[in-house]
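Worksheet: one structure, shown below.
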Amino acid sequence: MRRWMFLLVIIITTCEFWVYVEVGERFGVGKTIFLSLATSVIGGLMMQFEGRKVLGDARAQVNGGQIPGRTMLDGICIFIGGILLLIPGFVTDIIGFTLVFPLTRPLYRKPLLKWISKKMKDGSITYFRR
């Protein structure tokens with residue numbers, strides 16, 4: 001697992017550096033820095049808005065006696081997307097926006113659900129039920 005994480009960090013860093021150089025050459029250094037900061041600010045605001053909406057939906061479902069399963073997956077996607085949006089870089093921003101944006105979030109829900117259920121079957125993730 002550590003090897004995969006190390007390899008992933010190296011690949012993402014290399015891609016981000018390459019994209020920064022390409023964008024910097026095309027638009028200039030000042031516009032590149034501004035664009036990077038703007039995507040982080042806009043992404044942070046989107047994360048707050050979507051996070052509050054999902055939290056409200058989860059509260060309504062719990063108060064209605066339902067288990068907020070899909071809403072919890074949305075919350076995990078928004079959290080991960082928010083972290084990616086705060087990391088400087090265009091590649092992580094694109095992935096982060098797709099995780100936070102409600103129309104593209106379903107693309108991540110199914111693989112995330114499969115990963116969580118696999119980890120629960122393996123015993124890596126445990127849950128407590130009252």
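The values are calculated or read from the model by the stated rules, or taken from the named source; none is laboratory data. From a predicted model like this one, the values you see are computed outputs, not experimental measurements. Cβ: placed from backbone, ideal geometry, glycine included. Neighbour counts: every protein chain shown.
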Inset, instruction - Please list, ordered by first then second residue, the pairs with beta carbon atoms under 7 Å, 6 or more apart or interchain, first in region 56-71 and over 18 Å from VAL100 (Cα atoms), second at pLDDT below 90 and in a loop (DSSP other than H, G, I, E, B). - result: GLN61/PRO68; VAL62/PRO68
Legend entry - Flag if SER40 is within 30 Å of GLY69 (Cα to Cα), at pLDDT below 90 and in contact with a helix residue (DSSP H, G or I) (Cβ under 8 Å, 6 or more places away or on another chain): yes
Legend entry - Exclusive hit being touching a Gly at 6+ places or on another chain (Cβ under 8 Å) and at negative phi, set LEU73, LEU84: LEU84
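Just to check your reading of the model, which residue among THR39, THR71 is farther than 28 Å from LYS114 by Cα, of a type in the set (Ser, Thr, Tyr) and crowded, with 18+ Cβ neighbours inside 10 Å?
Only one candidate passes the filter, namely THR39.
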